1. Rg to Rh for the chain: what is it, with Cα atoms only and Rh by Kirkwood?
2. Treating the angle as unsigned and between 0 and 90°, give the value, to the nearest 10°, between the Cα long axis of helix 202-225 and the longest Cα principal axis of the chain.
3. What longest range of the chain stays clear of loop-exposed trypsin sites (Lys or Arg not before Pro) (DSSP non-H/G/I/E/B, at most 15 other C-beta within 10 angstrom)?
4. Between Thr149, Thr100, Thr49, which gets the highest mean-square fluctuation from a Gaussian network model of the chain, Cα cutoff 10 Å?
5. Cα centroid distance between region 176-242 and region 43-76, in Å?
6. At 222 nm, what value in deg cm²/dmol follows for the chain if DSSP H runs of at least 4 each add -39500 (n - 2.57) and the sum is divided by all its residues, to the nearest 500?
7. Across region 62-71, in residue order, what do the Karplus-derived ³J(HN,Hα) couplings come to in whole Hz, using 6.51 cos²θ - 1.76 cosθ + 1.60 with θ = phi - 60° and x for Gly and Pro?
8. Taking the Cα centre of the chain as origin, work out the dipole magnitude from +1 charges on Lys and Arg Cβ and -1 charges on Asp and Glu Cβ, in debye rounded to 20.
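The values are calculated or read from the model by the stated rules, or taken from the named source; none is laboratory data. Here the structure is a predicted model, which is why all the values come from computation and not from measurement. A quick note on method: Cβ atoms are made from the backbone with ideal geometry, for glycine too, and the neighbour counts reach across all protein chains shown. Surface accessibility is based on the protein's heavy atoms, side chains included, excluding ligands, DNA and RNA. Shrake-Rupley method; radii C 1.70, N 1.55, O 1.52, S 1.80 Å.
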Amino acid sequence: MVHWILTLCWLVLAGIAAGTISSAAGLASLVSYPALLLMGMTPVAANVTNSLALVTSGFSAVLSSRHELKGQERRLLILLPMTIVGAILGALLLFALPATVFKMVVPFFIGLAGIIMLFPPRIHQKEQHTTLFRRLGAWGLAFLVCVYTGYFGAGGGVVMLLALFAIIPGNFTQVNAVKNAVLVVANLLTAIVYLFKTTIAWQFVIPMACGFFIGGYLGPVLVRHVPDKVMHLIVGGGAIILAVVLFCRYCL
C-alpha cells in the first residue's frame, strides 16, 4: 500500500513538472520519459504511457492560452490536416519498426532537441513574408514534427516552435500558444492509435495524466513571467544530460 502511494505521488509530481515544461518549452519527455523508465517500464511502453498522459497537458495548455490564441483560428485550420496525417503516420511507424531501433534513436532525438533549445537559429520576423522558400520549408518542417510527435515526440515542441516562427507573425507567447494547440491534436490522435495497437498501463497513465493537466495549465503562465533565455538554458541543458545517459544505457 505504501509503495503504491509513493508511486502515485511520483507519477503525479513527474506529470506536473513534465506538463509545465511541455506547454512552456516543448520538452515534456525530458521529465516524464525517464520517470517512467525508473518505474521499470520498457522504452516503448514508457513512450506509449507518456504520450497518452500528455494529451491532458495539451488541453489545459490550450485553456490557459486562450487569450493568445485569439485571431489564430484561420492558421490553426490550415495546420489541422497535416497534423492529423502526420501524427497517425508517426504512431503507426512506432509499431512498424523494431523496438531496438527506437531505443537507439531516442537519445539522438533528445540531444538534438537540447542543442536546438540552447542554440536556436535566429529567425527574423520581417523576412517571413518575403521568402517563399523559407515559408514552404517551415510548413514541411511542421509536418515532419507531427510525424515525429506520433513516433516519439521528445523535443518536437521545440522544433515546432521554430517552424511556426517562420509561419506566424507574433511574439513567443503567441507562437507557443499555437504550438500547444497543434500538438494537442497530434498527441490525441497518437493516443487513439496506441489504444488500438498495444496494451495500455492505465495505472501509470491516469495519475501522470492528472499531473500533466496541472502542469499544462501552469506552463503558459510561466512563459509570461520567466525570461526565454532562462527556460532555454534549464531545459536544453537537461535534455543533453538525459541524451547522454540514455545513449550510455542503450547504445554502448
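1. We get a ratio of 0.95 for the chain.
2. It works out to around 30 degrees.
3. 123-252
4. So, out of Thr149, Thr100, Thr49, the one fluctuating most is Thr100.
5. Each part's Cα centre sits 7 Å from the other's.
6. Mean residue ellipticity, 222 nm, calculated: -27500 deg cm²/dmol.
7. 5, 4, 6, 9, 4, 5, 6, 8, 4, x
8. 380 debye
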